[in-house]
Every structure is written in C-alpha cells, then in structure tokens.
1. Expected output is a single nm value to one decimal: the length gained when fully extending between E565 and V596, i.e. 0.36 nm times separation in residues minus the C-alpha distance. What is it?
2. Given that compact globular proteins tend to follow 2.2 N^0.38 Å, what is the ratio of the alpha-carbon Rg of region 103-256 to that value?
3. Counting only protein heavy atoms and a 1.4 Å probe, tell me what percentage of region 90-192's accessible area is made up of carbon and sulfur.
4. With respect to the cross-link table entries K187/K471; K325/K429; K304/K585; K374/K429; K304/K471, which display a Cα-Cα separation exceeding 28 Å?
5. What pairs from K162/K202; K393/K516; K147/K205; K126/K162; K201/K246 go past 24 Å between their alpha carbons?
6. Are there trypsin sites (Lys or Arg not before Pro) in region 305-366 that DSSP puts in a loop and that have at most 15 other Cβ atoms within 10 Å, and which ones?
7. Compactness ratio of region 218-294: Cα Rg over 2.2 N^0.38 Å, N = residue count?
8. Suppose we keep just the alpha-carbon trace of region 227-350; what are its Rg and Dmax in angstrom?
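The values are calculated or read from the model by the stated rules, or taken from the named source; none is laboratory data. Remember, predicted model here, so these are calculated numbers, not experimental data. Counting neighbours? That spans all protein chains shown, and the Cβs are built from the backbone with ideal geometry, glycine included. Ligands, DNA and RNA are stripped out before the accessible areas are found, and what is left, the full protein with its side chains, is counted by its heavy atoms. Shrake-Rupley method; radii C 1.70, N 1.55, O 1.52, S 1.80 Å.
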Amino acid sequence: MRCRGPPAEGASGSEAAPSGVSTGRGAERRHLARFSPCRRRPPSMADSLLLPKRGPGRPTWLRVRKGFTFSGICRVTCLYGQVQVFGFTISQGQPSQDVFSTYTHTFLTINAVHYSMPEKSRKEMKREARTLLRSHLNLDDRCWAMKNFSPLCSIVMLEHLKTSTVNFITSYPGLSHVFEQENRTCKINSEYLALTSVGIKKEKKRKGLHLTESALSALEELVSVSCEEVDGCPVILVCGPQDIGKSTFNRYLINQLLNSISCVDYLECDLGQTEFTPPGCISLFNITEPILGPPFTHQRTPQKMVYYGKLSCKSNCESYIEIIKYVFSSYKREAPLLINTMGWVADEGLLLLIDLIRLLSPSHVVQFSSASSKFMPNLTPEYVDSVNGLYTKSRRRMRNRGFPLAEFAENLEFADEEKESPVMFTGHKLISVHSEFTFRITSRNRQSHNRILRELAVLGYLGQLQPPVPKPLSPLHGLTPYQVPFNAVALRITHSDVAPTHILYAVNASWVGLCKILDDVRGYTSGPILLAQTPICDCLGFGICRGVDMEKRLYLILTPVPPEELRTVNCLLVGAISIPQCVFKNQRCEGTVPYVTTDYNFKLPGASEKIGARETRETHKGKSYPKPNFH
C-alpha cells in the first residue's frame, strides 16, 4: 500500500476556459470518457481507456492504457458498463458519486470493471448505449461516440463539482492547494484544458493507490466472510503502527463491502485521526454510502459518540477503555463491524491494544506491518490469551467461552493485584498485511502533517454551517449564534484543572462538545453550573463558543447541530481540541481582531505551551517564552 505525505507548497491551478460536452443543464461542465477493463480479457475486448479532449465542434478522445489517475474533485456518473473508484463499483443506472482526490492523500484512480458479456448482439449493445447517451449528448456527438464504441467498454461522465464544504475550506489562505495545485512542468494542451474545465488533472499512475498482495488477499477474505453470514456478522479489528495505511485500508474495505451489502458499522477508537468526526472522539457509525475522499470531505452524524477531548489517551487509559465499552454497547450485530485503532502500539500502547482485543472479541484481527516499522509481536489468539494487558490478565481456561454482547458493560471489570479479570476471550483469526510505501511520513514531519489533517477535519465539520451551493459563503463571524443560558447547561473542562474563577475565560472562543447527561441541571437560579468530574455521556455534535454575555448570563454557541437535537443538550465539554488558527486570522473586521492578541501571559495556570501541564515557579524562571503572534 502506498500513501502520500503532507500537501506540497504551491498556488492553485490557473483557471481554464470552460470546455467540454455541452448539455441542457445550465453552466455545468462535464466530459465523457470511455473505459475498457484493464484485467485479462478476450482479444475482442477493447484494450484502452478513452478520455476526452475538446476539439472544434465536438469532443475528441485521448487513448490511455488501463486506469486514469487524477487529482482534484469531480462528480462521476457511469452511463454504460461499470467502473471502480477506490474499491467502490459504479454501474450504469446508479446515482452519481462525488469523488475527492486531494493532495493530502493518495490520488484516486478510475478503473474499468470486467463484467459479464450480455446476450446481445453488437448492434443491440450500441443501440442501448446510444439511448443512455441521448440525454447527455446531441445527435452529432452521439453518432461520433458510437463509432468508437466496442463491446464490454464503459462510458463515464465527469462533471464539474463544487460543494459548500470545499468552498469553505478553500476560502482560507493556503488551503486551496489541498484540492488543486499548479504544475509548472505540465504541458498545457487541449487535454490539460479539457480536464481543468472539469476540475481535475491527470497524474502519474505511480502516485495512485497500489495495494500489496497481502492487502488484496485480506480484502478478498474479509469481503467473502462478511457476505456469507454463516457465523453471524464478523467483527474486524484493524491495528498496527501509525502512518502505515490502516485508514486507507479501512476506506477501501468499506467500499468493497458496500458493493455487496447495504451497510457497514464502524467503531472509531483512534482519537487523533478520526474518520467521520472532528478529532478527540470515540464513536459508532452505520455507513451506507461509499467513502471516496479523505475524512474532511465526509463528516457524518454518528449513531453514538462520546467526546474524549484529547488527541491521546496516554494520560488516562482507564477512561478511554470505559468510553469504548459505553459506545460499543450500542452495536446491534446487524451488520459487519469494522474497528479502527490507534497507532500507539509500543509499550503500554501494545498492552492497551491487547485489552481492546479481549474486550471487543473480534472475529478477525488485521495486523499491519512494514519494513520500516518497529517490531510488533504477532497478535495471534495464543499470544493475546497468554499475556497480561494493561488492565486485564490472561485467562487461558476462559478461552472459547465468551460473554453475550448484552452483558458486556455489566460483566467487564478491571484486574488488580488481588483479583483476576473476568474477561472471556473468544479467539480470532489473525490476518497479516504488509505495507510498502513510496513516501513515508517521518518523525520530523509527522506532527505538522497530522495537525493539518485535524484542522481540515474541523473545517470540514464547520462547513456544514454554510448554505448549499450556489449560495455565497457566509463568514463564521457573520453567522447568528444560539443563545444558551448559564443555568441551562453544565460545564466541564476535561483536559486541565482550571480555577472556577477562570472557567469562562477558558470556554470563550473554544471548541465545545454539545453533550447530554442524565442529571437534571434545571432548578439553578444562576450559573455557570460546573461539574466536578468529566461524565461519560452522549455527544450530539460540536460548536464554537463565540462569546460569553456576562450581563445576560448567556453562552453564544455557533453549531450546525439541528435545533431539535439542541433541545436535549444540557452539558458543554471543553477539551484540548483547538479551533484552527486560520478561523481567527481570517476574520474580516476593522481595527482589533477579536480573540487575537500579541500580549499573552504564559505564567497563568493552564496557559503553558503544554496544555494541562502544571509547572512550578522554578520551572517558569528557567524558561523563556517567545512572544506569540496570537492566541
């Protein structure tokens, strides 16, 4: 498996004059492409992939071998035959799919799929294809396209795509190159202009996704097991070191499963690099639509979610385990479950992973490794059953007995020095996957690269506040917030000890989790209402506390959560997840910019560079703090 590193520097691509196949759908730009399968096939089959160039009066075609790897975003519609994008098969008659091939991740490739030869003559197949093209091409272009028609080919329409989320992200300086970059070495010709008009650019095939033989074998086995349903729905846990391809494998596997089944359940246990939510969450999803882009392009509403509030659980693994138990208890076993884990697999992280395998009892464990990754023992059932975890102890005699899912939350206890753990492990099948990279994120650039992805996920979530295209963007500071009385919600800072007198300073201009606790917070005449401990409770979404009105005793919250769900929110959790800096810097106003300052006192408790750290006076004396540009 191969992946790409951080987004490269560069300005956005130059705008090209609209070109392509004109239709009756307004000013949308689109192109048709004819794909032929790239697998082994009979000699009578077409041997190429045809892409459009804009010629005088009608589209012409560019012959390309095998698949088409591209960067940019577009809408893909299969008009005839079948094509596959990132493991998901798009057939004729199916809905169009929005595809996001960004510079932060591996580029996507459109491949033709080998399908069964219909029991029709060539003339009948051409008549069928001509009928399908009737609503997209005029008569002359349709006749010309049919001259290039061959049996078992696939015809795809690529349309120009703009979404409110993409528009919102690219509105910030420096982020437009995530979707589009200028290639100074690229030869500008009719092909380049035709593809640019759609919003994409052809890339070298080696920059696309390449799965290793072990990965392909694992995918084939897992899809087969999930479709058979002989022993119930499989529970698949994916583990391995960080930046090794787990998330890419998960997306591809979900897409492959959706080709055969209607939905897949997904349990997110990675706090730092979440797939469908902003970072710092543990959540359970029911996925029914394919994943054809990076996380910041497909933020979704979970079935159940808890806001942990940190990017790592190293400081409180026990709470992390308890939250996973709470979220996992909502799994109904009505669909296959895919479990994503953290890349922390060294020392205590490995012991914590062993605890998770015991607690979640997966039927399959997919373990990733690479030549450059550190040694990690094979997590066979025998190994997991024979060693102590971070909180659980081995119980060989309990193996193969298991416990019912409904009793999971009540029966599970932690082990201590005097009492052995009652966890009953059912065993699993270990599937090993070896990854190969053309470019690997190093320890030097990993922190900045992951920070960029986390900020993009937050911006992708905030993009839900924007009106649908083609309405213009609204700046965040220009949107009307909700007014929340102090005595209507309880408040808790999860990542640091903050004095009660400073609580409102910490909440103001912060990223907040909108949660629902069982306790009734009504009845208080004033506020704020402070919680002594961080509760394990449902999180319904997130927002920005854009202001605190002390006179009216109100929190001003900006959030895309629907009003009917906001009525049940009675708790605000503030964690270590921060609002992207560009949100503060990009405020358009005259004079002083709100929440941006060059005069900040790092000696205040909780204001040190390491969030949540408590430093002594001696430590402060020995440190010199640089003057920041903003807070």
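1. Full-extension gain reported as 8.0 nm.
2. My calculation over the Cα atoms of region 103-256 gives 1.40.
3. 49
4. Beyond 28 Å: K187/K471; K304/K585; K304/K471.
5. Among K162/K202; K393/K516; K147/K205; K126/K162; K201/K246, the Cα-Cα distance tops 24 Å for K393/K516; K147/K205; K126/K162; K201/K246.
6. Sites meeting the loop and neighbour criteria: K314, K332, R333.
7. Against the empirical 2.2 N^0.38 Å value, I get 1.10 for region 218-294.
8. Answer for region 227-350, Rg first and Dmax second: 14.0, 41 Å.
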